[in-house]
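Engineer: Sharing a structure, written as structure tokens. Questions coming.
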Amino acid sequence: MAEHQGDCFLVPGPVRMNQRCLDAMATPAITARGAEFRDVMADLNSGLRYAFNIAPSKPKRKTHSWAGDDDYKVMAVSGSGTAAMEMIIANRFRPNDLVLVPTNGKFGERVAEMCKRFCKVKHIRYDWGRAFDLYELEQQLERKCYEAVLICHNETSSGITQDAPAIAEMCNRYQTPFILDGITSIGGLPVDLEAWNVEAAAMGAQKCTAGPSGIAAIAFNSRFYDRCKAIKEQGDINPLFYLDFVSAFKKGDDDQTPWTPAINLAMGWAAALNVLKEEGLENRWNRCGDLAKGVRNLFLDLGFELLAEVSQRSATVTAILYPPGINDDWRSDLKEKYQTQVIGAQDEFKGKMFRVGSMGETSREEMIEGCKRMLHCFREHGHSIPDVDVASYF
């Protein structure tokens, strides 16, 4: 096996982009209203449907590229994953609607905070890295007062993946719409929108699909669209303009957007999604899972502690607590001396934890080399670590 050369970029997004993606973004300016960009949008829509794991479509304009043989359509959003989630929330709920948002990390809390701007929220806050109490969620759903349940499916701040199938089953049983922040899960670990009856889901380009930052997408079903349309027609819609879902929907069949889109980012993402098609979605899920498993087992064997509960540890990011006496100075040295980047923690875990990304197109070779450098850097900081065969973990 060839060893990885150069820097190791092991952050949980934005991830490293491949050359095809970078070259596509270097295309000279084109108009957003001509056939040329419609071709780009059709290619992008087809790739998005593949990444969302829904029915395929042809990457050709004038073929309803955003739709397939199911009840879902896809829509690109010129903004980060947060913009896609805001578009979902602001259009789907009226100011007096009540939604349920359980959280166990920073990005779930962001979903709850976003909801507070546009509707009423029951926010159930669990400790970071702790699994949701499904019995408590079921008790809430029994009240039949919620317009929807929203979750951050994969919580990169704490390295935990929620039990979406179990939550989906409860939502179906209590006839409560289910909405998914899949920004760091879709394209990187198994997601089945149709089986889970997800009404709408968001994905960010710069995470599992290894596209550029600043562009995102939504997959949604007809129930979601009908509800947004009814709210708008009733005049009960939240104040918005750029993120008006109904305006964007009207342009979808024509491979268009209502406002000038992120043209070059769309080109880059379309190229990255074609690389995903070539790798195969399940192959990517498996590779990300194998890398995460290797990181977990390596650091656990060396006596480190992981934040997330053992049954729900993420396949796209691993949250590892620093041993006593180590802090973010280690991470700074790792970057400066070893050309290896991982990411720190947020809020109360700042300076107490680091996170290793295993999403996008990260190779086995890069992860092995990165882990070797991490161990060298820990030894340099006075933490005793035995010599181990890092490669054997992958």
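Engineer: With the requirement that a residue be closer than 19 Å to Arg61 by Cβ and buried (at least 20 other Cβ atoms within 10 Å of the Cβ), what does the range 236-251 give you?
Structural biologist: Pass one, the range 236-251, residues closer than 19 Å to Arg61 by Cβ: 248-251.
Result: Ala248, single match.
Engineer: Step by step: first the residues of the range 298-355, then only those that are assigned to a strand (DSSP E or B) and without any contact (Cβ under 8 Å) to a residue 24 or more places away in the chain, then the one that is farthest from Phe107 (Cα to Cα). Which residue is that?
Structural biologist: This residue is Glu305.
Engineer: In this structure, does Ile30 turn out to be in contact with a Phe, Trp or Tyr (Cβ under 9 Å, 6 or more places away or on another chain), closer than 16 Å to Leu265 by Cβ and assigned to a loop (DSSP other than H, G, I, E, B)? Even if it seems obvious, please write down each step before you answer.
Structural biologist: On the way: in contact with a Phe, Trp or Tyr (Cβ under 9 Å, 6 or more places away or on another chain): yes; closer than 16 Å to Leu265 by Cβ: yes; assigned to a loop (DSSP other than H, G, I, E, B): yes.
In short, yes.
Engineer: Among Pro102, Pro59, which is the only one that is crowded, with 23+ Cβ neighbours inside 10 Å and at pLDDT 95 or above?
Structural biologist: On the way: Pro59 fails: crowded, with 23+ Cβ neighbours inside 10 Å.
Going through Pro102, Pro59 in turn, just one is crowded, with 23+ Cβ neighbours inside 10 Å and at pLDDT 95 or above: Pro102.
Engineer: Modelled with pLDDT of 95 or more and either surrounded by fewer than 18 Cβ atoms within 10 Å (Cβ to Cβ) or under 17 Å from Arg20 (Cβ atoms) (or both): does that describe Val317?
Structural biologist: Values: modelled with pLDDT of 95 or more: yes; either surrounded by fewer than 18 Cβ atoms within 10 Å (Cβ to Cβ) or under 17 Å from Arg20 (Cβ atoms) (or both): no.
No: the conditions fail for Val317.
Engineer: Can I ask one more? Check whether at least one residue in the range 241-264 is touching a residue at least 40 places away in the same chain (Cβ under 8 Å) and within 30 Å of Arg364 (Cα to Cα), and report yes or no. Give the steps one after another, and end with the answer.
Structural biologist: Quick first cut of the range 241-264, residues touching a residue at least 40 places away in the same chain (Cβ under 8 Å) only: 243-246, 248-249, 252-257, 259-264.
Still in the running and within 30 Å of Arg364 (Cα to Cα): 264.
Checked against the condition, which is being touching a residue at least 40 places away in the same chain (Cβ under 8 Å) and within 30 Å of Arg364 (Cα to Cα), the range 241-264 yields at least one hit.
Engineer: Out of Cys21, Cys115, which single residue is over 25 Å from Ala210 (Cα atoms), surrounded by 15 or more Cβ atoms within 10 Å (Cβ to Cβ) and touching a helix residue (DSSP H, G or I) at 6+ places or on another chain (Cβ under 9 Å)? Walk me through how you get there before you give the answer.
Structural biologist: Working: Cys21 fails: over 25 Å from Ala210 (Cα atoms).
None of the others qualify; the one that does is Cys115.
Engineer: Can you name every residue in the range 173-195 that is surrounded by fewer than 24 Cβ atoms within 10 Å (Cβ to Cβ), out of contact with any Cys (no Cβ under 8 Å at 6 or more places or on another chain) and not in a loop (DSSP other than H, G, I, E, B)?
Structural biologist: Listed by number, the residues that qualify are Arg173, Glu194, Ala195.
Engineer: A further question follows. Failed condition for Ile326, given (1) of a type in the set (A, V, I, L, M, F, W, C); (2) closer than 30 Å to Leu243 by Cα; (3) touching a His at 6+ places or on another chain (Cβ under 9 Å), with all others met?
Structural biologist: Ile326 satisfies all of (1) of a type in the set (A, V, I, L, M, F, W, C); (2) closer than 30 Å to Leu243 by Cα; (3) touching a His at 6+ places or on another chain (Cβ under 9 Å) except (2).
Engineer: Of all residues in the range 260-275, count the ones that are in contact with a Phe, Trp or Tyr (Cβ under 7 Å, 6 or more places away or on another chain) and surrounded by fewer than 22 Cβ atoms within 10 Å (Cβ to Cβ).
Structural biologist: Within the range 260-275, the subset in contact with a Phe, Trp or Tyr (Cβ under 7 Å, 6 or more places away or on another chain) is 263, 273.
Applying the additional criterion that residues be surrounded by fewer than 22 Cβ atoms within 10 Å (Cβ to Cβ) yields 263.
Number satisfying all stated conditions: 1.
Engineer: Being surrounded by fewer than 16 Cβ atoms within 10 Å (Cβ to Cβ) and either closer than 29 Å to Asn53 by Cα or assigned by TED's automatic domain parsing to the domain that holds Pro190 (or both) is true for just one of Glu336, Glu348, Glu279. Which residue is that? Let's see the steps before the verdict.
Structural biologist: Numbers: Glu336 fails: either closer than 29 Å to Asn53 by Cα or assigned by TED's automatic domain parsing to the domain that holds Pro190 (or both); Glu348 fails: either closer than 29 Å to Asn53 by Cα or assigned by TED's automatic domain parsing to the domain that holds Pro190 (or both).
Going through Glu336, Glu348, Glu279 in turn, just one is surrounded by fewer than 16 Cβ atoms within 10 Å (Cβ to Cβ) and either closer than 29 Å to Asn53 by Cα or assigned by TED's automatic domain parsing to the domain that holds Pro190 (or both): Glu279.
Engineer: Taking Gly159 as the residue in question, decide whether it is under 22 Å from Arg313 (Cα atoms) and in contact (Cβ under 8 Å) with a residue 12 or more places away in the chain.
Structural biologist: Yes.
The values are calculated or read from the model by the stated rules, or taken from the named source; none is laboratory data. Remember, predicted model here, so these are calculated numbers, not experimental data. Quick reminder, even Gly has a Cβ in these numbers, built from the backbone with ideal geometry, and neighbours come from all protein chains shown.
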